[in-house]
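A quick write-up on the structure given underneath.
The values are calculated or read from the model by the stated rules, or taken from the named source; none is laboratory data. All values reported here derive from a predicted model rather than from experimental measurement. We place every Cβ from the backbone using ideal geometry, glycine too, and count neighbours over all the protein chains shown. Just so you know, the surface numbers come from the protein's heavy atoms only, side chains and all, with ligands and any DNA or RNA stripped out. Shrake-Rupley method; radii C 1.70, N 1.55, O 1.52, S 1.80 Å.
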Amino acid sequence: MSPAVPQTVAVAFTGASGMPYGLRLVECVLAAGCKVWLLYSQVAQIVARQEMNLELPSRPAEVEAQLAARFGAAEGQLRVFGREEWFAPLASGSNPADAMVVCPCTMGTLAAIAAGLSQNLIERAADVAIKEGRKLVLVPRETPFSAIHLENMLKLARLGVVILPPSPGFYNHPQTVGEMVDFVVARVLDQIRVPHRLMQRWGETEGEDA
(Lines give C-alpha, C1' and ligand atoms only; values in the text may rest on other atoms or scores of the structure.)
Protein backbone atom coordinates (compact mmCIF):
# COMPACT_ATOMS: atom_id res chain seq x y z
CA MET A 1 0.00 0.00 0.00
CA SER A 2 1.41 3.41 -0.99
CA PRO A 3 1.89 5.99 1.79
CA ALA A 4 -0.95 8.47 2.06
CA VAL A 5 -0.63 11.82 0.33
CA PRO A 6 -0.43 14.55 3.01
CA GLN A 7 -3.56 16.65 3.42
CA THR A 8 -1.67 19.69 4.72
CA VAL A 9 1.90 20.77 4.02
CA ALA A 10 3.59 23.63 5.86
CA VAL A 11 6.09 25.56 3.74
CA ALA A 12 8.46 28.17 5.13
CA PHE A 13 10.48 30.67 3.12
CA THR A 14 13.60 32.00 4.87
CA GLY A 15 16.32 34.40 3.76
CA ALA A 16 18.62 32.05 1.85
CA SER A 17 18.97 32.30 -1.90
CA GLY A 18 16.59 29.97 -3.71
CA MET A 19 13.15 31.60 -3.66
CA PRO A 20 12.27 30.01 -7.06
CA TYR A 21 12.44 26.61 -5.36
CA GLY A 22 10.05 27.67 -2.62
CA LEU A 23 7.47 29.26 -4.89
CA ARG A 24 7.50 26.34 -7.31
CA LEU A 25 7.06 23.97 -4.37
CA VAL A 26 3.97 25.84 -3.17
CA GLU A 27 2.57 25.82 -6.70
CA CYS A 28 3.04 22.05 -7.07
CA VAL A 29 1.64 21.16 -3.65
CA LEU A 30 -1.47 23.23 -4.36
CA ALA A 31 -1.79 21.67 -7.82
CA ALA A 32 -1.76 18.22 -6.19
CA GLY A 33 -4.82 19.18 -4.17
CA CYS A 34 -3.11 19.55 -0.80
CA LYS A 35 -3.56 22.45 1.59
CA VAL A 36 -0.58 24.73 2.17
CA TRP A 37 0.20 26.62 5.37
CA LEU A 38 2.79 29.20 4.39
CA LEU A 39 5.26 31.03 6.62
CA TYR A 40 7.93 33.53 5.56
CA SER A 41 10.68 35.46 7.30
CA GLN A 42 11.40 39.17 6.95
CA VAL A 43 14.60 38.48 5.02
CA ALA A 44 12.66 36.18 2.68
CA GLN A 45 10.75 39.27 1.58
CA ILE A 46 14.05 40.85 0.51
CA VAL A 47 15.18 37.70 -1.29
CA ALA A 48 11.87 37.41 -3.16
CA ARG A 49 12.24 40.96 -4.39
CA GLN A 50 15.90 40.54 -5.38
CA GLU A 51 15.65 37.12 -7.05
CA MET A 52 12.18 37.20 -8.58
CA ASN A 53 11.06 40.83 -8.54
CA LEU A 54 8.26 39.60 -6.29
CA GLU A 55 6.83 41.77 -3.52
CA LEU A 56 5.72 39.78 -0.49
CA PRO A 57 3.74 42.23 1.66
CA SER A 58 4.25 42.28 5.40
CA ARG A 59 0.58 41.48 6.03
CA PRO A 60 -0.03 37.71 5.71
CA ALA A 61 -3.57 38.26 4.42
CA GLU A 62 -2.21 40.19 1.45
CA VAL A 63 0.34 37.49 0.64
CA GLU A 64 -2.40 34.88 0.90
CA ALA A 65 -4.61 36.71 -1.59
CA GLN A 66 -1.69 37.39 -3.93
CA LEU A 67 -0.39 33.81 -4.09
CA ALA A 68 -3.85 32.21 -4.12
CA ALA A 69 -4.62 34.23 -7.24
CA ARG A 70 -1.21 33.50 -8.77
CA PHE A 71 -1.54 29.73 -8.36
CA GLY A 72 -5.30 29.37 -8.75
CA ALA A 73 -5.79 27.97 -5.25
CA ALA A 74 -9.25 26.98 -4.11
CA GLU A 75 -10.84 28.95 -1.32
CA GLY A 76 -9.19 28.02 1.98
CA GLN A 77 -6.53 25.86 0.27
CA LEU A 78 -3.73 28.34 1.03
CA ARG A 79 -3.31 29.98 4.41
CA VAL A 80 -0.48 32.36 5.31
CA PHE A 81 0.56 33.01 8.90
CA GLY A 82 2.64 35.74 10.51
CA ARG A 83 5.96 35.07 12.21
CA GLU A 84 4.52 35.75 15.68
CA GLU A 85 1.08 34.23 15.12
CA TRP A 86 1.26 31.86 18.06
CA PHE A 87 -2.38 30.80 17.79
CA ALA A 88 -1.76 29.36 14.31
CA PRO A 89 -2.57 25.62 14.21
CA LEU A 90 0.99 24.53 13.41
CA ALA A 91 2.28 26.12 16.63
CA SER A 92 0.82 23.21 18.59
CA GLY A 93 1.36 19.49 18.54
CA SER A 94 -2.42 19.11 18.75
CA ASN A 95 -2.81 20.34 15.15
CA PRO A 96 0.45 20.03 13.17
CA ALA A 97 0.80 19.87 9.41
CA ASP A 98 1.25 16.41 7.94
CA ALA A 99 4.63 17.50 6.57
CA MET A 100 6.79 20.61 6.64
CA VAL A 101 9.42 21.98 4.26
CA VAL A 102 11.73 24.93 4.90
CA CYS A 103 12.70 26.00 1.38
CA PRO A 104 15.04 27.76 1.08
CA CYS A 105 16.55 27.30 4.54
CA THR A 106 19.20 29.61 5.96
CA MET A 107 21.98 28.30 8.16
CA GLY A 108 20.60 30.48 10.96
CA THR A 109 17.18 28.86 10.75
CA LEU A 110 18.74 25.41 10.54
CA ALA A 111 20.85 26.12 13.62
CA ALA A 112 17.84 27.44 15.54
CA ILE A 113 15.84 24.31 14.68
CA ALA A 114 18.76 22.10 15.72
CA ALA A 115 18.94 23.95 19.06
CA GLY A 116 15.16 23.86 19.61
CA LEU A 117 14.97 27.63 20.07
CA SER A 118 11.41 28.15 18.78
CA GLN A 119 11.78 31.93 18.79
CA ASN A 120 9.35 32.46 15.90
CA LEU A 121 6.58 30.48 14.23
CA ILE A 122 8.88 28.94 11.61
CA GLU A 123 11.19 27.54 14.28
CA ARG A 124 8.27 26.47 16.48
CA ALA A 125 6.48 24.70 13.61
CA ALA A 126 9.68 22.79 12.80
CA ASP A 127 10.10 21.90 16.47
CA VAL A 128 6.53 20.59 16.53
CA ALA A 129 7.15 18.52 13.38
CA ILE A 130 10.16 16.87 15.02
CA LYS A 131 8.51 16.15 18.33
CA GLU A 132 5.34 14.82 16.69
CA GLY A 133 7.26 12.59 14.28
CA ARG A 134 6.06 14.38 11.14
CA LYS A 135 8.16 14.61 7.99
CA LEU A 136 10.42 17.68 8.08
CA VAL A 137 12.53 18.59 5.04
CA LEU A 138 15.13 21.35 5.10
CA VAL A 139 16.51 22.73 1.83
CA PRO A 140 19.74 24.50 2.92
CA ARG A 141 21.21 26.88 0.35
CA GLU A 142 24.79 27.69 1.31
CA THR A 143 28.22 26.87 -0.05
CA PRO A 144 30.66 25.85 1.18
CA PHE A 145 29.31 24.36 4.40
CA SER A 146 31.34 25.00 7.52
CA ALA A 147 31.92 22.38 10.20
CA ILE A 148 29.25 24.15 12.29
CA HIS A 149 26.73 23.85 9.45
CA LEU A 150 27.55 20.18 8.91
CA GLU A 151 27.35 19.34 12.61
CA ASN A 152 23.92 20.98 12.84
CA MET A 153 22.73 19.05 9.77
CA LEU A 154 24.05 15.77 11.18
CA LYS A 155 22.28 16.41 14.48
CA LEU A 156 18.99 16.97 12.67
CA ALA A 157 19.49 14.04 10.28
CA ARG A 158 19.95 11.76 13.28
CA LEU A 159 16.55 12.97 14.51
CA GLY A 160 14.95 11.96 11.22
CA VAL A 161 14.96 15.36 9.53
CA VAL A 162 15.62 15.20 5.77
CA ILE A 163 18.49 17.45 4.70
CA LEU A 164 17.99 18.12 1.00
CA PRO A 165 20.43 20.66 -0.50
CA PRO A 166 19.20 22.09 -3.81
CA SER A 167 21.67 20.21 -5.99
CA PRO A 168 20.15 19.65 -9.44
CA GLY A 169 21.26 16.68 -11.48
CA PHE A 170 22.15 16.92 -15.16
CA TYR A 171 21.42 13.40 -16.40
CA ASN A 172 18.04 14.61 -17.69
CA HIS A 173 19.76 17.28 -19.82
CA PRO A 174 18.01 20.40 -18.46
CA GLN A 175 17.62 23.17 -21.01
CA THR A 176 16.29 25.94 -18.77
CA VAL A 177 16.65 27.25 -15.24
CA GLY A 178 13.05 26.18 -14.68
CA GLU A 179 13.92 22.57 -15.44
CA MET A 180 16.77 22.72 -12.92
CA VAL A 181 14.38 24.16 -10.32
CA ASP A 182 11.88 21.39 -11.07
CA PHE A 183 14.55 18.73 -10.51
CA VAL A 184 15.05 19.89 -6.92
CA VAL A 185 11.36 20.48 -6.25
CA ALA A 186 10.61 16.97 -7.54
CA ARG A 187 12.98 15.53 -4.95
CA VAL A 188 11.23 17.51 -2.21
CA LEU A 189 7.79 16.38 -3.37
CA ASP A 190 8.97 12.76 -3.36
CA GLN A 191 10.07 13.11 0.27
CA ILE A 192 6.67 14.42 1.39
CA ARG A 193 4.74 11.94 -0.80
CA VAL A 194 3.08 14.54 -3.02
CA PRO A 195 2.52 13.16 -6.55
CA HIS A 196 3.96 15.05 -9.50
CA ARG A 197 5.07 14.75 -13.11
CA LEU A 198 7.81 17.36 -13.07
CA MET A 199 10.41 15.21 -14.78
CA GLN A 200 11.07 11.80 -16.24
CA ARG A 201 12.25 9.41 -13.56
CA TRP A 202 15.46 7.43 -13.79
CA GLY A 203 14.93 4.23 -15.77
CA GLU A 204 11.70 5.42 -17.38
CA THR A 205 11.22 5.67 -21.10
CA GLU A 206 9.53 8.77 -22.48
CA GLY A 207 5.76 8.64 -21.98
CA GLU A 208 5.93 5.84 -19.40
CA ASP A 209 3.80 6.31 -16.29
CA ALA A 210 5.62 6.82 -13.01
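For the range 177-196: of the residues being touching a helix residue (DSSP H, G or I) at 6+ places or on another chain (Cβ under 9 Å) and not in a helix (DSSP H, G or I), which is farthest from Leu136 (Cα to Cα)? Residue satisfying both the conditions and the ranking: His196. Output the number of residues of the range 128-171 satisfying the condition of being of a type in the set (Lys, Arg) and over 26 Å from Arg201 (Cβ atoms). Of the residues in that region, 3 qualify.
The rows are residues; the columns are (1) part of a strand (DSSP E or B); (2) without any contact (Cβ under 8 Å) to a residue 40 or more places away in the chain.
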| residue | (1), (2) |
| --- | --- |
| Ala126 | no, no |
| Val137 | yes, no |
| Thr143 | no, yes |
| His149 | no, no |
| Lys155 | no, no |
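Given the options Ala74, Ala48, Ala44, Ala32, name the one that is of a type in the set (Gly, Ala, Ser) and in contact with a His (Cβ under 9 Å, 6 or more places away or on another chain). Quick ask: steps written out before the conclusion?
Working: Ala74 fails: in contact with a His (Cβ under 9 Å, 6 or more places away or on another chain); Ala48 fails: in contact with a His (Cβ under 9 Å, 6 or more places away or on another chain); Ala44 fails: in contact with a His (Cβ under 9 Å, 6 or more places away or on another chain).
It is Ala32.
Being open to solvent by less than 70 Å² (accessible area, probe 1.4 Å) and either within 22 Å of Val29 (Cβ to Cβ) or without any contact (Cβ under 8 Å) to a residue 24 or more places away in the chain (or both) is true of Leu164.
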